[in-house]
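These notes are about the structure you will find just below.
No lab work stands behind these numbers, since they all come straight from the coordinates. Only a predicted model underlies this, so the values are computations on that prediction, with no experimental measurement involved. No Cβ is skipped: glycine too gets one built from the backbone with ideal geometry, and neighbour counts run over all protein chains shown.
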Amino acid sequence: MPNSSRCWSRAAIRKTKSNRQKASGTGTDFAAHLEAWYERERRDLPWRSTEDPYRILVSEVMLQQTRAQTVIPYYLRFLDRFPDARALAEAREADVLTLWSGLGYYARARNLQRAARAVVAAGAFPRDYDRIRELPGVGPYTAAAVASIAFGAPHAVVDGNVLRVISRVQDDAGDIQSPRTRARFQQIADGWLEGRRPGLFNQAMMELGATVCLPRGPRCTVCPVETFCQAHQTGRQHELPVKGGKRVADRIHVQVMIAVRNGSVLLRRRSAAETLMAGFWELPAPGDLPGCRSSRVIGSFRHSITHHHYTITVLEGAVPAVPLGFHWRRINRLAGVPLTTITRKALGLMASAPGAERAVATHGRKHG
DNA sequence: AATTCGGGGGA
DNA sequence: TCCCCAGAATT
């Protein structure tokens, strides 16, 4: 290597690399190899057999921070019930939330319905990135995904998979949490996408990250673009991507009470004003019920929400009167009610009684 | 720029 | 137990 190269700035080196790739067609070769692999090996997922922008949007929203295998049954049920934007726009919010219950990030469901209403009001699904981006719950990733997959618009998606693939292919140790690194990776992805079929290239990048370029244990031996990967050449693929910012989870102990009378259970509907899981139904805490009697502990289980780590103890009890804000709900009709996951788990504990001990054991440990 | 939102699955 | 997942909105 010439001595003069030591005087080059990082930017100059990067620019030279980029020029070399463009001149030799390396970026194009990379994309061609990747796409050929994708068309050969791609998983057969339900949202890959449609070009309906509404269905693409539903899938992309469900896939936000959620694994494909988890999404599949929710996606099928949701589209069976709401086959087009109009059906979703005209639905009751409680019905939408019920189908979403268990999938998490419930603001996604509300925003998706608002988006459907906007599409109906506009008379047609928006076709370009900027107007898709204006739909509620649609950020840079989802707008790029829908615009490229449904309409062939040239916008590269940059999700967790793509960040990981690019960090390794470029051997780039930038913190993928930082906006600067993300902007850099976005430009790289947009460059690779140039001249390709956008929807195909984007899905191929994500598929590579999801099935080959794994967070731990990347499967380089079966990777279709191994020869293009600079981290593989330097053996540093296991150290990438670099991700900063770690948080500590706090532990919280709570009690919930199951009060049953004449086939109904006492529940409270979280008000629309509550930030967290508004509109969902939940069990009372003993403190909510003046004069309640608790006869026994049914069991306990754990539940984690982001960095909050809950231990829930479930009590069986009776109430002298129905407190303000609570209602008796028929137990055999709870399938149509949006329940919080903690409530669903707690009721499941009761349902399996007297095998409650076994139900607790399936969650790993027993408390109380 | 930092936080928050859920739940599940794999190592 | 920890990390990650086809992110977005809010502060």
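Out of all DSSP beta bridges with both ends in region A:250-362, state the antiparallel percent to the nearest 5.
Antiparallel: roughly 65 percent of the beta bridges in region A:250-362.
Using Cα pairs under 8 angstrom and six or more residues apart, how large is the relative contact order of region A:250-362, in percent? It rounds to 33 percent for region A:250-362.
One decimal place: the segment A:Val322-A:Ala278 gains 13.7 nm when fully extended, by the rule 0.36 nm per residue minus the C-alpha distance.
With the convex hull of the Cα atoms taken as the outline of region A:229-360, the averaged projected area works out to 12.5 nm².
If you run the Gaussian network model on chain A, springs between alpha carbon atoms under 10 Å, then out of A:Ala335, A:Ala118, A:Ala204 the most flexible one is A:Ala335. Helical content of chain A, expressed as a calculated mean residue ellipticity at 222 nm, amounts to -13500 deg cm²/dmol (DSSP H runs of 4 or more residues, -39,500 (n - 2.57) each, divided by residue number, nearest 500).
With contacts taken as Cα pairs under 8 Å and at least 6 residues apart, region A:9-239 reaches a relative contact order of 20 percent.
Placing a label point 7 Å from the Cα of A:Ala124 along the Cα-to-Cβ direction, the residues of region A:70-87 whose backbone N falls under 17 Å from that point are A:85-86. Computed about its Cα centre, the charge dipole of chain A is approximately 880 debye, with only Lys, Arg, Asp and Glu carrying charge at their Cβ.
Need one word for region A:289-342: rounded, prolate or oblate. Basis is the Cα gyration tensor (sqrt eigenvalues a ≥ b ≥ c); a/c below 1.5 gives rounded, then a/b vs b/c decides. Oblate shape, in that a/c is at least 1.5 and b/c is the bigger or equal ratio. Place +1 on the Cβ of every Lys and Arg and -1 on the Cβ of every Asp and Glu in chain A, take the dipole about the Cα centre, and give the residue among A:His238, A:Val58, A:Asn262 whose Cα lies farthest towards its positive end. Sorting the options by dipole projection puts first A:Asn262.
Its alpha carbons considered, chain A gives a radius of gyration followed by a Dmax of 25.3, 87 Å. Extension gain, A:Val222 to A:Asp84: 0.36 nm times the residue separation minus the Cα-Cα distance gives 45.8 nm.
Counting 0.36 nm for each residue step from A:Leu76 to A:Ala285 and taking away their Cα separation leaves a gain of 71.7 nm.
Work out the FRET efficiency for A:Ser304 and A:Ala173 from their Cβ-Cβ distance, taking R0 = 30 Å, and round it to the nearest 0.05. Once rounded, the FRET efficiency stands at 0.50. Taken as entire DSSP H runs, the helices of chain A that both span 18 Å or more between Cα atoms along their own long axis and average -1.0 or more on the Kyte-Doolittle scale are A:26-41, A:68-81, A:107-122, A:179-193, A:198-211.
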